[in-house]
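Inspection log for the structure reproduced underneath, given as structure tokens.
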Amino acid sequence: MAGLFLTLMLVATLWAAPLSLPDGGLLTHPRPADGDSLVVLAESQDLLVNGHLGKAVGGTVNGAELTLAKDRRFALRLPWPADRVLRFQLEGPGGPWLRELALSPPAPIPAPSGSESTTPPWMAPMRVRLDATPLSTAPDASYWILPQVGTEWVADRREGGWLRLPLGGDLAAWVPENRVRRLGPAVDGLPAMRLLGPGGGVARNARGDVVLGLPITGDGPPLWREEVRDGGRHWRLILPRTTGRLDWVSLAPELGLSQLAWEPLPGGALALTVELEPGRFQGHEVTWEQGLLRLCFRPRHKGLKGARIVLDPGHGGVESGCLGASGVMEKDLALRFAQDLRVELEKAGAQVRLTRQGDSTLSLASRVAQAREWPADFLLSLHYNSAGPGEDPWRSNGFMTFYWSPWSAEAGRTLHQSLATRKLVRDRGLAWRSLGLCRHHGCPALLLELGSLAQPDEEDRMQDPAFRHRQVKALRRAIAQALESR
């Protein structure tokens, strides 16, 4: 996945044409994609450079010697040149040659979080409206709450481009200032307290989900945090600025919801815990509409036959993803792999949809929406990796699996272990990470880095149809095992 390990991405223009190397060689990165005038670069202490040579037999880039693969591809990590110029000094028949590529300065680096802002922190609370931007535990920290579009809250402080949203007591959430809409002063300070209940009940909706509906006061969506515990046996909802009056709720143990409990928390929050039948469900979704909070639990689908699987080929359109030394783009390889995997999964009886059928640009939200609206039993995003800052591209080969939701943990472990035992690509580990696709709660949602395009030898393997066929077969078996394991 291009730029996965980069923490700060800046757009820089190139004021020279893509660099052609002597007699058929080419610099692949850094350079713009065909027809583009922009390239995304990392403002770090080093720079990934890759490409391939024509008739030149070797040489240096800014004094660093090129290491060549058998087919004359190269990749190396360089310190950022102080003068923003890459200088290729190459040797070979008809040489030596000198080629230069000038990089323009990047955009100004934003002030680090926590530093003094040019504007003072808000002293008076301000009402704000949130979109679907995840809320964080601190500026630039991990995500914590996923608000529904249209949720209104109160912000009481600004720090380095972030707004603080008090949740009661010592708890607070943070959101980038440019992702909210200001609605005016909050005359009464914190948001008004809500009342959850009385009453509520369980029913099955038209698509077979088990839905617990609970009345809650307020004119707009409340703010909530969802937690899945004990391998999916207990599900917990925390509602800031909420009190409970759940004097009765009609349950349906035969539908898998056997127990409900609530308790007040410090700071004026309410915690609602639902006990679920073990192994009965594979995901959930929480929505608010017209005063009713709906807790929707998706029944588990076991096995490949009849399973609804969404494959997400990473990037696409204007987002090329990472570039290999040959010039191959991640977006093209990911789509080709997804198309081949779709055929294999359908042979096994699965229903499969691709988030994109061609070279189109899709937002993360639209990709997740396709899985949610179908709804899917399994979501898998397919990518190829680059090399992170300070990482030697010749040692960056291997596959990785990422998950975030607890619903995805066991499926992720099973899928990753299944691929690792095949030993087709070096195992770089299973990781928990808050990625957009992985934050889907409706079913197991994983992101898979199939291999590295920064490592020239592995890039060659990733483009080999015979190797891709072996990898597709291995992944089909891994998905089947993941669906059985939960």
Check your understanding: Restricting to region 400-410, what's the tally of residues that are in contact with a Leu (Cβ under 7 Å, 6 or more places away or on another chain) and open to solvent by less than 10 Å² (accessible area, probe 1.4 Å)?
Key -> 3
Revision key, fill the gap. Matching residues in region 330-339 (surrounded by fewer than 18 Cβ atoms within 10 Å (Cβ to Cβ) and under 14 Å from residue 310 (Cα atoms)) number 1
Review point. Can you tell me which residues in region 253-288 are small (Gly, Ala, Ser), out of contact with any Leu (no Cβ under 9 Å at 6 or more places or on another chain) and part of a strand (DSSP E or B)?
Key: 283
Study note, to complete from the structure: By residue number, the members of region 192-212 that are assigned to a loop (DSSP other than H, G, I, E, B), open to solvent by 30 Å² or more (accessible area, probe 1.4 Å) and touching a residue at least 40 places away in the same chain (Cβ under 8 Å) are 192, 193, 198, 205, 207
Practice item. May I ask you to verify whether residue 485 is of a type in the set (Ser, Thr, Tyr), open to solvent by less than 10 Å² (accessible area, probe 1.4 Å) and at pLDDT below 95? Key: no
Revision key, fill the gap. Counted residues in region 438-483 being part of a helix (DSSP H, G or I) and either under 21 Å from residue 343 (Cβ atoms) or free of Cβ contacts under 8 Å to residues at least 12 places away in the same chain (or both) come to 21
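Across region 50-74, what is the number of residues that are basic (Lys, Arg), in contact with a Gly (Cβ under 9 Å, 6 or more places away or on another chain) and more than 18 Å from residue 29 (Cα to Cα)?
To start, the set of residues in region 50-74 that are basic (Lys, Arg) comprises 55, 70, 72-73.
With in contact with a Gly (Cβ under 9 Å, 6 or more places away or on another chain) added as a condition, the list becomes 55, 72-73.
Going one step further and asking which of them are more than 18 Å from residue 29 (Cα to Cα), we end up with 55.
The qualifying residues number 1.
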Exercise for review: Tell me, please, whether a residue that is part of a loop (DSSP other than H, G, I, E, B), touching a Ser or Thr at 6+ places or on another chain (Cβ under 6 Å) and open to solvent by less than 50 Å² (accessible area, probe 1.4 Å) can be found in region 176-190.
Suggested key: no
Point to revise | Residue tally, condition open to solvent by less than 20 Å² (accessible area, probe 1.4 Å) and either β-branched (Val, Ile, Thr) or farther than 22 Å from residue 236 by Cβ (or both), over region 159-175 | key: 2
Review point. From the residues in region 222-247 that are surrounded by fewer than 20 Cβ atoms within 10 Å (Cβ to Cβ) and not in a strand (DSSP E or B), which one is nearest to the chain's Cα centre (by Cα)?
Key: 231
Check your understanding: Listed residues 47, 78, 41, 10; which is surrounded by fewer than 17 Cβ atoms within 10 Å (Cβ to Cβ), modelled with pLDDT under 90 and assigned to a strand (DSSP E or B)?
Key -> 10
Point to revise | Residue list for region 119-158, filter: part of a loop (DSSP other than H, G, I, E, B), of a type in the set (Ser, Thr, Tyr) and open to solvent by 40 Å² or more (accessible area, probe 1.4 Å) | key: 119, 137, 142
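Before we move on, is residue 441 touching a His at 6+ places or on another chain (Cβ under 7 Å) and either open to solvent by 20 Å² or more (accessible area, probe 1.4 Å) or aromatic (Phe, Trp, Tyr) (or both)?
Values: touching a His at 6+ places or on another chain (Cβ under 7 Å): yes; either open to solvent by 20 Å² or more (accessible area, probe 1.4 Å) or aromatic (Phe, Trp, Tyr) (or both): yes.
The answer is yes for residue 441.
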Review point. Out of all the residues in region 311-365, which are charged (D, E, K, R) and either within 24 Å of residue 455 (Cα to Cα) or in contact with a Phe, Trp or Tyr (Cβ under 8 Å, 6 or more places away or on another chain) (or both)?
Key: 312, 319, 330, 331, 332, 336, 340, 353
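Looking only at region 359-380, which residues are in contact (Cβ under 8 Å) with a residue 40 or more places away in the chain and surrounded by fewer than 23 Cβ atoms within 10 Å (Cβ to Cβ)?
359, 360, 361, 362, 364, 365, 367, 370, 372, 374, 375
Can you tell me how many residues in region 347-358 are under 19 Å from residue 444 (Cβ atoms), open to solvent by 20 Å² or more (accessible area, probe 1.4 Å) and either assigned to a strand (DSSP E or B) or without any contact (Cβ under 8 Å) to a residue 40 or more places away in the chain (or both)?
First, pick out the residues of region 347-358 that are under 19 Å from residue 444 (Cβ atoms): 348-355.
Those still in the list that are open to solvent by 20 Å² or more (accessible area, probe 1.4 Å) too: 348-349, 351, 353.
Now narrow it down to the ones that are either assigned to a strand (DSSP E or B) or without any contact (Cβ under 8 Å) to a residue 40 or more places away in the chain (or both): 351, 353.
The number of residues fulfilling the criteria is 2.
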Practice item. Report, by residue number, each residue of region 248-262 that is more than 33 Å from the chain's Cα centre (by Cα) and open to solvent by 60 Å² or more (accessible area, probe 1.4 Å). Key: 248, 250, 251, 253, 254, 259
Point to revise | Test result for residue 172, part of a strand (DSSP E or B), at pLDDT below 95 and within 29 Å of the chain's Cα centre (by Cα) | key: yes
**Study point:** Single unsatisfied condition, residue 343 versus (1) part of a helix (DSSP H, G or I); (2) open to solvent by less than 40 Å² (accessible area, probe 1.4 Å); (3) not charged (D, E, K, R)
**Key:** (2)
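Return a yes/no flag: does region 289-312 have any residue that is acidic (Asp, Glu), touching a residue at least 60 places away in the same chain (Cβ under 8 Å), outside any loop (DSSP other than H, G, I, E, B) and out of contact with any Lys or Arg (no Cβ under 6 Å at 6 or more places or on another chain).
Going residue by residue through region 289-312, those that are acidic (Asp, Glu) are 289, 312.
Now drop any that are not touching a residue at least 60 places away in the same chain (Cβ under 8 Å), which leaves 312.
Next, from what is left, pick out any that are outside any loop (DSSP other than H, G, I, E, B): 312.
Keeping just the survivors that are out of contact with any Lys or Arg (no Cβ under 6 Å at 6 or more places or on another chain) gives none.
Scanning region 289-312 turns up no residue that is acidic (Asp, Glu), touching a residue at least 60 places away in the same chain (Cβ under 8 Å), outside any loop (DSSP other than H, G, I, E, B) and out of contact with any Lys or Arg (no Cβ under 6 Å at 6 or more places or on another chain).
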Practice item. Report, by residue number, each residue of region 384-398 that is open to solvent by less than 40 Å² (accessible area, probe 1.4 Å), part of a loop (DSSP other than H, G, I, E, B) and modelled with pLDDT of 90 or more. Key: 386, 397, 398
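Among 435, 424, which is of a type in the set (A, V, I, L, M, F, W, C), outside any helix (DSSP H, G or I) and in contact with a strand residue (DSSP E or B) (Cβ under 7 Å, 6 or more places away or on another chain)?
Details: 424 fails: in contact with a strand residue (DSSP E or B) (Cβ under 7 Å, 6 or more places away or on another chain).
When all the criteria are applied, what remains is 435.
The values are calculated or read from the model by the stated rules, or taken from the named source; none is laboratory data. Keep in mind that what you see is a predicted model, and the values were worked out from it rather than measured. Please note: Cβ atoms are built from the backbone with ideal geometry, for glycine as well, and neighbour counts cover all protein chains shown. Note: areas computed on protein heavy atoms with side chains; ligands, DNA, RNA excluded. Shrake-Rupley method; radii C 1.70, N 1.55, O 1.52, S 1.80 Å.
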